[in-house]
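Here is the structure we will look at, set down as structure tokens.
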Amino acid sequence: MVLLDGTSCSEQIRQEIKAQVDAIKATGDRPPHLAAVLVGSDGASQNYVAMKERDCAEVGFDSTVLRFKDDITEQELLDKIAELNADDSIDGFIVQLPVPKHIDERKVILAIDPNKDVDGFCPENVGNLVLGLPSFVSATPNGIMELIRRYDIQTEGKHCVVLGRSNIVGTPVAILMSRNTKPGNATVTLAHSRTKNLQELCASADILIVAIGKMEFVTADMVKQGAVVIDVGQTRVADASRKSGYRNVGDVDFENVKDKCSFLSYTNGGVGPMTRASLLQNTLKAHQRR
Ligand code: NAP
């Protein structure tokens with residue numbers, strides 16, 4: 001079994017991006033600039049945004065974080081988004097989700113200029129993805145495809161089962177795997193909580209991509225011998241032995257599944273770092289489009 005090393009792949013991507021940023025700076029142009037909007041004091045969201053700031057610094061991007069209290073009104077937030085849309089010094093921005101309950105997440109996503117939507121959540125970007133037109137592909141599905149590409153995993157004609165149909169992972173990755181591209185050209189089944197015979201279905205997959213958020217849900221009997229398994233799931237469990245006080249557990253029962261796989265991407269050091277690198281790739285793309 002080959003463990004897909006998202007950490008080293010993402011490091012490689014960051015080095016490639018940094019080289020491009022150096023070349024941009026050498027021409028006298030300003031570097032790509034990513035902004036992040038953070039509402040409230042959710043610990044996980046603060047961590048994600050801090051990581052994005054560090055990633056930007058590492059590759060030479062400019063970054064700006066706009067922090068707002070929980071009680072910002074929906075209209076105030078929409079006004080800030082309009083300002084970011086109009087700000088020529090910013091190539092792309094993200095609004096860290098979730099936003100507080102009194103703010104309609106859909107309105108927030110719809111307010112973002114699709115040309116600056118480096119998260120790839122806007123309907124225009126999702127629609128272009130479906131049509132195979134240039135678009136910002138959201139970071140996690142893009143990171144999964146990049147991992148598959150960099151390990152030269154064969155996908156053409158394979159049966160790919162995607163478990164989980166979220167707008168940010170399962171649905172876009174199912175579309176990408178089914179497209180006439182490389183990687184792609186797989187025959188895709190998109191499964192979810194209402195799918196019948198999940199065990200047989202998963203066991204028929206040459207490639208199994210799991211994004212459901214249920215700890216160790218995929219057991220050995222659900223995996224075909226020699227399958228490629230990509231575990232996107234991340235559930236935090238308390239762990240006093242860690243500095244952070246928690247560890248992430250994937251959707252796949254790693255210990256029991258690992259010997260059946262040809263390639264396996266586990267929650268730690270797999271898709272997570274690739275997701276972070278993809279946001280940088282999208283920001284560079286936004287700068288190039290400008
Ligand atoms: P989500 O919005 O939490 O939705 C979960 C999906 O899983 C839904 O489509 C749901 O089906 C399906 N599901 C739930 N229980 C199921 C079951 N017992 N059998 C079959 N399907 C089931 O999904 P998400 O936002 O994509 O997150 C999924 C996981 O990926 C989470 O652990 C999240 O933390 C992780 N994640 C990781 C990254 C990363 O960078 N590594 C990025 C994003 C997400 P229904 O639609 O029928 O309800």
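The values are calculated or read from the model by the stated rules, or taken from the named source; none is laboratory data. Model, not experiment: these values are computed from the prediction. Neighbour counts are summed over all protein chains in view; Cβ atoms, including those assigned to glycine, are modelled from backbone coordinates with ideal geometry. All accessible areas refer to the heavy atoms of the entire protein, side chains included, with ligands and DNA or RNA removed. Shrake-Rupley method; radii C 1.70, N 1.55, O 1.52, S 1.80 Å.
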On the given criteria, is T189 polar (S, T, N, Q), in a helix (DSSP H, G or I) and either in the same structural domain as G233 (by TED's automatic domain parsing) or open to solvent by less than 20 Å² (accessible area, probe 1.4 Å) (or both)?
-> no
For I230, are the conditions met, namely being touching a residue at least 24 places away in the same chain (Cβ under 8 Å) and in a loop (DSSP other than H, G, I, E, B)?
-> no
Unmet requirement for F263, which otherwise passes all of (1) outside any loop (DSSP other than H, G, I, E, B); (2) open to solvent by less than 40 Å² (accessible area, probe 1.4 Å) | (2)
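Is at least one residue of segment 208-220 assigned to a helix (DSSP H, G or I), open to solvent by 50 Å² or more (accessible area, probe 1.4 Å), away from the ligand (no atom under 12 Å from the Cβ) and farther than 20 Å from I144 by Cβ?
Start the filter on segment 208-220 by keeping residues that are assigned to a helix (DSSP H, G or I), which leaves 220.
In the following step, the residues that additionally are open to solvent by 50 Å² or more (accessible area, probe 1.4 Å) were identified as none.
So far as segment 208-220 goes, no, none of its residues is assigned to a helix (DSSP H, G or I), open to solvent by 50 Å² or more (accessible area, probe 1.4 Å), away from the ligand (no atom under 12 Å from the Cβ) and farther than 20 Å from I144 by Cβ.
Just one of G92, G132, G120, G143 is of a type in the set (G, A, S) and open to solvent by 30 Å² or more (accessible area, probe 1.4 Å); which is it? Spell out the reasoning first.
Values: G92 fails: open to solvent by 30 Å² or more (accessible area, probe 1.4 Å); G120 fails: open to solvent by 30 Å² or more (accessible area, probe 1.4 Å); G143 fails: open to solvent by 30 Å² or more (accessible area, probe 1.4 Å).
When all the criteria are applied, what remains is G132.
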Matching residues in segment 233-247 - criterion: being open to solvent by 40 Å² or more (accessible area, probe 1.4 Å) and polar (S, T, N, Q) | Q234, S241, S244
Considering residues of segment 158-186 that are under 24 Å from K52 (Cα atoms) and in a loop (DSSP other than H, G, I, E, B) only, the residue most open to solvent (accessible area, probe 1.4 Å) | N167
Mind checking which residues of segment 96-108 are open to solvent by 10 Å² or more (accessible area, probe 1.4 Å) and not in a loop (DSSP other than H, G, I, E, B)?
-> E105, R106, K107
Given (1) within 16 Å of the ligand (Cβ to nearest atom); (2) crowded, with 18+ Cβ neighbours inside 10 Å; (3) under 21 Å from K260 (Cα atoms), index of the condition T155 fails | (1)
Identify the single condition in (1) farther than 24 Å from V118 by Cα; (2) within 14 Å of the ligand (Cβ to nearest atom); (3) open to solvent by less than 50 Å² (accessible area, probe 1.4 Å); (4) aliphatic (A, V, I, L, M) that A277 does not satisfy, given that it satisfies every other one.
-> (1)
